[in-house]
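The structure under discussion appears below in the form of structure tokens.
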Amino acid sequence: MKVGVVTFPGSLDDVDARRAATLAGAEAVALWHGDADLREVDAVVLPGGFSYGDYLRAGAISRFAPVMEKVIEGAREGLPVLGICNGFQVLCESHLLPGALIKNDHRKFICKDQRLRIENNGTSWTNGYDAGQEVTIVLKNQDGGFVADDETLDMLEGEGRVVARYVDGNPNGSYRDIAGITNERGNVVGLMPHPEHCVDTLTGPSTDGLTFFTSVLKATV
Amino acid sequence: MSTPRARVVVDVMLKPEILDPQGKAVHGAFGRLGFDGVADVRQGKRFEITLDGEATEERVAEIRKAAETLLANPVIEDFAVHVENGSVEDGPVEDGPVESVDEEAEQVEETVR
């Protein structure tokens, strides 16, 4: 089982994501933004950071990187893809997920241990959680406000496509407290908090994030 | 004679229903600096695109496509395309005020020199 992690210029959390995949029992494979090649991986993680300096809009330029052609093609065919933070922004810009992410409503960078409720445990990346399970996963972002029109928000909620919601307060102004969403098929997930930082008690407040990476092993077996 | 170079301008604004935290911050600064009577500030982006040659309808259509694909995210933003001092009239943004602003800017530049 190979999990590919894309490195864009300005990615910050690619190494942590590879480490999380390894801890979960997968073979982590480094993918490069400039290569239109997924190196036969079984799943892809788009990591956090400030790819291409967040110029224009967060994720707007990364979305056209050569590797993204393959990621978009694969995602449409059912390849599990997890976009974390900046990766979530890339997935929205790619239109693999609806909506967009804008600056936090309070206009400050945020870094905290965040309580989340996993609302959809049927996706490739969340099948190891219990439905409604509350977890603590770190959140650190500048452009973390999830926005979409009411029709899209109703659709996401109606189809059970809200993967995770913020609990104990909304940290960034995301509409309807949405922290993560999935596509219709459940193979593409975008999440603003960082599960890859919560895989080891030495460096994180919990190991609650590891389940994202163990879930995908089960999803592709 | 040098090749004529047309300028196409793309203005991008967040849709009215989308919160604009940057505009809010600027609005806050207006108040602190004593610029009163300002009801709201929305911040957008302006792209000045210089073409090699004239702004034909076809090329403006290409820029419009680029605006839709890259410069603006139609999920949260609206955009308008217009040609400055060009041969093609296009887009909902009025040319008049924009040109007059540019003339002023040129004058300022000359004064500085």
Where does the longest stretch of chain A lie that holds no GluC sites (Glu not before Pro) found in a DSSP loop with 15 or fewer other Cβ atoms within 10 Å? A:78-158
Hull surface divided by four, with the convex hull built on the Cα atoms of the protein assembly as shown: how many nm²? 21.1
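Quick one: plug the Kirkwood hydrodynamic radius of the range A:62-221 (C-alpha pairs) into Stokes-Einstein at 25 °C, 0.890 mPa s, and report D in µm²/s.
After rounding, the answer is 159 µm²/s.
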Where in chain A lies the longest segment free of chymotrypsin sites (Phe, Trp or Tyr not before Pro) that are both loop residues by DSSP (not H, G, I, E, B) and have at most 14 other Cβ atoms within 10 Å? A:110-221
The range A:167-216: relative contact order in percent, alpha carbon pairs under 8 Å with at least 6 residues between: 20
In a GNM of chain A with a 10 Å cut-off on Cα contacts, which of A:GLY190, A:GLY144, A:GLY25 has the highest mean-square fluctuation? A:GLY25
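Longest span of chain A, sites excluded, free of trypsin sites (Lys or Arg not before Pro) in DSSP loop with at most 16 other C-beta atoms within 10 Å?
Longest run free of exposed loop sites: A:109-184.
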For the range A:3-123, rounded, prolate or oblate, judged on the Cα gyration tensor with a ≥ b ≥ c (square roots of eigenvalues), a/c < 1.5 rounded, else prolate if a/b > b/c? rounded
For the protein assembly as shown, what number of Lys pairs, 8 or more residues apart or on separate chains, have alpha-carbon atoms under 20 Å from each other? 15
For chain A, what is the relative contact order in percent, using Cα pairs closer than 8 Å and at least 6 residues apart in sequence? 21
Name the residues of the range B:40-64 whose amide N is less than 15 Å from a point 7 angstrom out from the Cα of B:ARG5 along the C-beta direction? B:48-55
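Values in this text are rule-based calculations from the coordinates and carry no lab data. Owing to the predicted nature of the structure, the values given are computational and were not obtained by experimental measurement. Glycine also receives a Cβ, built like all others from the backbone with ideal geometry; neighbour counts cover every protein chain displayed.
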